[in-house]
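Below you'll find the structure, written out as structure tokens, and then a few comments.
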């Protein structure tokens, strides 16, 4: 019996770097969590411990930090930062044939002081984390933008009924429920000549606008509408993927206390939760290739 | 040798309740995590397992939920919700002599749709959690408002030098550093006849305005300025307490790569962190009594 | 421009079920977190909100719970629980063509009382979480066992030197370092007629024995040795995958205090960390198919 | 109106230090998370930003690290490490009048290799975190040992009935339920001349033995029995405090599926949970003083 090394990748994960732009007034900043995963001619490291072709994970961290100084314009957006880094690793480091850069970006807002925006004081915005994931291989690049922890809720305009009945089905149908989810989404850009900041704001606005306005018969239907709207509004988006937990809000039975509860008081439950995942694809976009491929199946 | 039961308290913790106001247009909602801790004539439960005086934790949860229907006005603010609940437990449940209600409130913002605010779609705001803590005993009530996870940062206007030197001191002084913290604060109201919503917005605005405008020689100094400003601006605030981690942002040495780094690229470190805690008291406010007492010393 | 629904899946995630075997003396228990993901003829739900073919996520939760009563033997191991559930959904629920069941299992140990193991008191063991992931489609089943949060450390027998040098490489080589990681691993069984309990204990023992005994020149090399040993020891294992953070322990420079530090005092750092991922495949095992495919690329 | 600085404290929190004892064979290690909080003559820092009396938090971190080299024997137990550090800060650093050292200790177990314990390979044990908290002021020291995240469960021998009935009470009484909790406990030593390792093992054994053997009518009763047994067994323990969430395991109603469920299948719920907190005091132990005082009321 023989054993073979299959797909492998490595790099420094979660380099937490903050870049301040202080040559301008007011100051600006970007706040990133950058992870690097490299694949290539790395079998010797595994088989014999020969590290001659091993770019240290420490060096990948140094590269992230140095790029923040060397390429200040690319660093302003997570997609362009990811492109710069991924191309560097594949083009400049001999054994590397594929690089994936995953970026989390934490948005900040400017604080007020004495009635005006302050030039160098900020608060972390919260509300969501912006993400980007870039892969480069064989001279081709895939860029994916995304969001996580964007929690949205509708107090009405959501129904759920008419579903399949079988032995284990006991759920009561409803014509009016709270629908809430914490959106995790990624979308693939088929055009790399994109204004990443504008594209991102537009995608997020379309996504939430579509959620707000949709009269929902199922969370799946709302998800599909959100993705469809994003693709319709932005020609550079070729595919949208969602992973949306159905954050259940159960109407509490107050009748033991002599109280009615016409959808006013809800228990926000933790677990279990429905988990709805799906892909919406632009017909002419072609195959997404490595766009959404995490490399290792976790 | 004998053994005595000392301070004890119990109740249901972390009841996650969402209250929707749907009789108005547009809909409104409040989103709470409510914890109840009761003290009183409960020795028998501990000593013999006689539960005759035990209000079940399940009943305290039911009470939270039912109050959301019964007292819709009180429920709109965490302070008034806490007051209503704490007074109920002490006044209406015979064995209870002290009640503490701790509330976390998760702010939401209205989503836009087709260019206008939507009447019943929301996004969780993030950025901070609003808190309230209310204690009632012997006919007296203490109300504390608070915030946690409010992360603020200044890119300049922060110095740190001139400190004590001893054997283990190696830190280099600086005239310009990033100062960042995740504010956890609580403030005690000496006047219960307060508009909680307005008071809260004012306190948060003063706190962040003060942080933004302060030229800092030490995080302690900034903390003291923040608390002092809050007390100066709002006569109903008798004491402010802070727990502020110094979220270190270290300037990265890029010289090995031939790059200078004039406070532009920082490593946002996780641990360890400085932890600065302090109390700012209005001279004429009297003793805060149970205001900040968690009951059990954890 | 048209839009197409691509891969999609849904189900109840994180059903937290505890099954007590109390008809025996002493009692036994299993503690699970079960997630269900179904794919199949579900386009109508997305496109029109027609739920006629929608098995509710609530029903999938009910199924998990009911199976714990109906199939007590299958429920004793996460792999056989996953197989029973996945086969049920595909075979008994018309629109379902693929089911993936993901299980986390929390091990418990029996407590002592008066010098003997107690028949019905337990402590959660900690140390690691056991996992299983089962997929069924087209009459075929894939079973994967796994572990996460298994933190292991060697105080010596780990070197790292001789690596690639380029512009961003500043790391100093070492002939003696701490090597620590939190093992996340999954392994695919090519034989479903397996004693899951014995197989699991054997795999974990081989994995940790191999880690302990390996003189490491790189974490990749140790990872490969671990996977290779597991495959060599157990013919039912066709492929092993790892995701192993290099939990850095940095030697602290105590020379400013006049102290040497010959690898005795270390800073256990949080972030960033090296992340080493790899696949070790038995040559005659064939393609793992859906074994490691999460369905949706997150 | 005037404003006064009240209680304040500061220091470096969460210094993550690992100490390897490698001059012996086999190797040994301790793994700590150490937090320092100092009080004293620090008003100037707050009022004017004058840091002349400010021991930097960085220096407190350095002190923790250096002590791991300088005092290898004291470092072997968290209580003696805390004592050494707290005494140093109060006695050797002029402005410091009170020091509190809080330590988390993560237990490790030795791995096996080739059938024998390996001399320098370990796995993190999990199951619980050991804690210690030491305060020093005015020449007196208080030492508290503790545990957190010790999750224990009984599948029977737990009843709950006969409780108070009022408007919001709907819970059904039970003569047989699962009782589970995640123990957080701290106990104060009135004798500092204690073998900390032996004392700790004894306390944990008594605590879990007592939990296992107790026939419970209320979680409060079991808690009181646990604390009483600890004090009875160890004369150096003067007071025990507990914070114990009632981790609810609800019997699932399987009757809709034609199945009975005689306490076999349970839903392990997340929130809300009962939270039971209490103090058990040895009558002749005197006042615990600063033993459990966190300094700042969070």
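Which whole number gives the average, over all residues in D:208-214, of C-beta atoms from other chains lying within 10 Å of the residue C-beta? Intermediate values should be presented prior to the final figure.
Values: counts 7, 7, 1, 5, 13, 6, 3.
If you average over the peptide's residues, the count of other-chain Cβ atoms is 6.
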Exercise for the section: Kindly give the distances from residue A:114 to its copy-mates, label point to label point, with each label point 7 Å from Cα along Cα→Cβ, as nm values to one decimal ordered shortest first. Expected result: 4.6, 7.5, 7.7
Exercise for the section: Kindly rank C:102-113, B:255-266 from highest to lowest mean number of other beta carbons found within 10 Å of each residue. Expected result: C:102-113, B:255-266
Handout entry: On Cα atoms only, tilt of C:78-92 relative to the major axis of chain C in degrees
Key = 30
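Just need the relative contact order of chain B here, percent rounded to a whole number, with Cα pairs under 8 Å and 6+ apart. Present the calculation step by step, with values, prior to reporting the outcome.
Numbers: 566 pairs, mean separation 39.8, N = 298.
After rounding, I find 13 percent.
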Handout entry: Inter-centroid distance (Cα atoms) of segment D:129-173 relative to segment C:190-258, Å
Key = 38
Exercise for the section: Taking chain C as the reference, fit the longest principal axis to its C-alpha atoms, fit the long axis of helix C:57-70 to the helix C-alpha atoms, and give the angle between the two in degrees, 0 to 90, nearest 10. Expected result: 90
Problem - Cα shape, segment D:27-163, gyration tensor, a/c 1.5 rule - result: oblate
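Please state the relative contact order of segment A:8-138 as a whole percent: Cα pairs under 8 Å, 6+ residues apart? Walk me through the numbers on the way to the answer.
Values: 238 pairs, mean separation 34.4, N = 131.
RCO, segment A:8-138: 26 percent.
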Fill in the blank from the handout: Output ordering of D:177-190, D:22-35 (per-residue mean of other Cβ within 10 Å, highest first) is D:177-190, D:22-35
Practice task
Counting only C-alpha contacts under 8 Å and six or more residues apart, can you give the relative contact order of segment C:151-298 as a whole percent?
Solution key: 24
Fill in the blank from the handout: So, in nm and shortest first, the distances from residue C:170 to its counterparts in the other copies, with label points 7 Å along Cα→Cβ, work out as 1.6, 6.2, 6.3
Problem - Projected label distance in nm at residue C:114 and residue B:269, using a 7 Å step from Cα toward the beta-carbon - result: 5.4
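Looking only at other chains, what is the average number of their beta-carbon atoms within 10 angstrom of each beta-carbon in B:249-260? All intermediate terms of the calculation are to be shown ahead of the outcome.
On the way: counts 5, 1, 0, 9, 2, 6, 0, 6, 10, 3, 5, 1.
Mean partner-chain Cβ count within 10 Å for B:249-260: 4.
Give me Rg over Rh for segment C:69-150, both radii from the alpha carbons and Rh done the Kirkwood way, two decimal places. Working shown, then result.
Details: Rg = 16.4 Å, Rh = 14.5 Å.
Result for segment C:69-150 is an Rg/Rh of 1.13.
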Fill in the blank from the handout: Given C:196-205, D:166-175, the highest-first ranking by average Cβ count within 10 Å works out to C:196-205, D:166-175
Problem - Distance between segment A:23-93 and segment C:276-298 - C-alpha centres, whole angstrom - result: 27
Fill in the blank from the handout: Mean per-residue count of partner chain Cβ within 10 Å for C:172-183 equals 1
Practice task
Could you tell me the convex hull volume per residue, in Å³, taken over the Cα atoms of chain D?
Solution key: 217
Fill in the blank from the handout: PRE zone check, label point 7 Å out along Cα-to-Cβ of residue A:192, amide N under 14 Å, scope segment A:277-293, hits A:290-291
Exercise for the section: Report, to the nearest 10°, how far helix A:219-233 tilts away from the longest principal axis of the Cα atoms in chain A, using its own Cα long axis and a range of 0 to 90°. Expected result: 50
Exercise for the section: Quick one: plug the Kirkwood hydrodynamic radius of the protein assembly as shown (C-alpha pairs) into Stokes-Einstein at 10 °C, 1.306 mPa s, and report D in µm²/s. Expected result: 50
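For segment D:116-166, what class follows from the C-alpha gyration tensor (a ≥ b ≥ c being the square roots of its eigenvalues): rounded when a/c is under 1.5, otherwise prolate if a/b is larger than b/c, else oblate?
Numbers: a/c = 4.81, a/b = 1.26, b/c = 3.81.
Oblate is the answer for segment D:116-166, as a/c is 1.5 or above yet b/c matches or exceeds a/b.
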Handout entry: 222 nm mean residue ellipticity, helices alone, for the protein assembly as shown (DSSP H n ≥ 4; -39,500 (n - 2.57); rounded to 500)
Key = -7500 deg cm²/dmol
Handout entry: Calculated label separations, residue A:47, copies of the chain, 7 Å along the beta-carbon direction, nm
Key = 5.0, 7.3, 7.7
Handout entry: segment D:139-298 - Debye-derived log10 I(q)/I(0), Cα point model, q = 0.14, 0.15, 0.18 Å⁻¹
Key = -0.78, -0.86, -1.12
Exercise for the section: Specify, for chain C, the residue whose C-beta is closest to the rotation axis mapping it onto chain D, with the distance given in whole Å. Expected result: C:126, 1
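We did not get these values from a lab; they are worked out from the coordinates using the rules stated. Computed from a predicted structure; not experimentally measured. In this analysis, Cβ positions are derived from the backbone assuming ideal geometry, glycine residues included, and neighbour counts consider all displayed protein chains.
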